[in-house]
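One structure is given here, and the rest of the page talks about it.
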Amino acid sequence: VQELSNLLMSNNTLITLDIHFNNIHSDEMYIIANAIKCNTTLKKLCIDGNSIGDGFRELVDVLKYNTTLEILICNDNFIGDDCAKQLAELLKVNTTLKEINMSANEIGNEYIQELVDSLKINNTLEYLSLSCNELNNDSICKLADALKYNKGLKILDINHNEFDENCHEYVMEALQYN
């Protein structure tokens with residue numbers, strides 16, 4: 001990981017970094033996040049299938065001020081409920097990210113309102129996947145409400161969560177405003 005970090009800090013041509021399924025944990029994510037802070041060319045980061053957990057917070061802190069990364073693929077990293085809160089903090093200030101995939105991260109309902117509030121003000125993000133998480137009817141309906149205000153989001157992937165047909169209809173109605 002340290003060698004990768006050194007490469008990221010000194011490389012000025014790399015635009016995609018795919019390090020999925022490399023058994024990266026939170027302490028290693030901290031090292032990678034600090035390297036990304038110095039990199040000004042990276043546009044796509046794939047870190048899915050690791051166990052970054054709390055390391056996601058470090059990455060978010062760096063990406064708040066990053067002006068090059070456009071795509072973040074961070075599926076299956078066991079981040080949990082805190083992920084929605086951290087993602088909300090990121091979307092409030094980052095105007096570069098266009099695509100975020102946070103599928104299968106055990107995201108629940110605790111901080112979903114913070115995420116919804118940030119989606120109402122961020123019009124840069126075009127694609128957000130929260131599929132295969134633990135979002136219920138209430139959370140999905142709140143996300144649908146954000147679509148009424150957010151004109152930039154083109155795709156909201158909420159497949160394989162815990163919502164029913166009534167919620168599905170509510171989402172369809174909200175899409176009429178987007």
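The values are calculated or read from the model by the stated rules, or taken from the named source; none is laboratory data. None of these values were measured; they are calculated from a predicted model. Note that each Cβ is placed from the backbone with ideal geometry, even for glycine, and that neighbours are counted across all protein chains shown. All accessible areas refer to the heavy atoms of the entire protein, side chains included, with ligands and DNA or RNA removed. Shrake-Rupley method; radii C 1.70, N 1.55, O 1.52, S 1.80 Å.
I need the full set of residues from region 43-74 which are in a loop (DSSP other than H, G, I, E, B) and either of a type in the set (Gly, Ala, Ser) or under 10 Å from Ala33 (Cα atoms) (or both), in order please. Gly49, Gly53, listed by residue number. Checking region 67-81 against the condition returns a match, with at least one residue being open to solvent by 50 Å² or more (accessible area, probe 1.4 Å) and more than 15 Å from the chain's Cα centre (by Cα).
Every condition in (1) hydroxyl-bearing (Ser, Thr, Tyr); (2) over 28 Å from Asn161 (Cα atoms); (3) touching a residue at least 24 places away in the same chain (Cβ under 8 Å) is met by Ser118 except one, and the failing one is (2).
Restricting Ile121, Ile155, Ile100, Ile140 to those that are loosely packed, with under 14 Cβ neighbours inside 10 Å and touching a strand residue (DSSP E or B) at 6+ places or on another chain (Cβ under 9 Å) reduces the list to Ile155. Check whether at least one residue in region 54-61 is surrounded by fewer than 17 Cβ atoms within 10 Å (Cβ to Cβ), among the basic types (Lys, Arg), over 16 Å from Leu17 (Cα atoms) and in contact with a helix residue (DSSP H, G or I) (Cβ under 9 Å, 6 or more places away or on another chain), and report yes or no. Scanning region 54-61 turns up no residue that is surrounded by fewer than 17 Cβ atoms within 10 Å (Cβ to Cβ), among the basic types (Lys, Arg), over 16 Å from Leu17 (Cα atoms) and in contact with a helix residue (DSSP H, G or I) (Cβ under 9 Å, 6 or more places away or on another chain). Quick one: would you say Tyr30 is in a helix (DSSP H, G or I), hydroxyl-bearing (Ser, Thr, Tyr) and open to solvent by 40 Å² or more (accessible area, probe 1.4 Å)? It is true that Tyr30 is in a helix (DSSP H, G or I), hydroxyl-bearing (Ser, Thr, Tyr) and open to solvent by 40 Å² or more (accessible area, probe 1.4 Å). The set of residues in region 1-21 being over 19 Å from the mean Cα position of the chain (by Cα) and among the polar types (S, T, N, Q) consists of Gln2, Ser5, Asn6, Ser10, Asn11, Asn12, Thr13.
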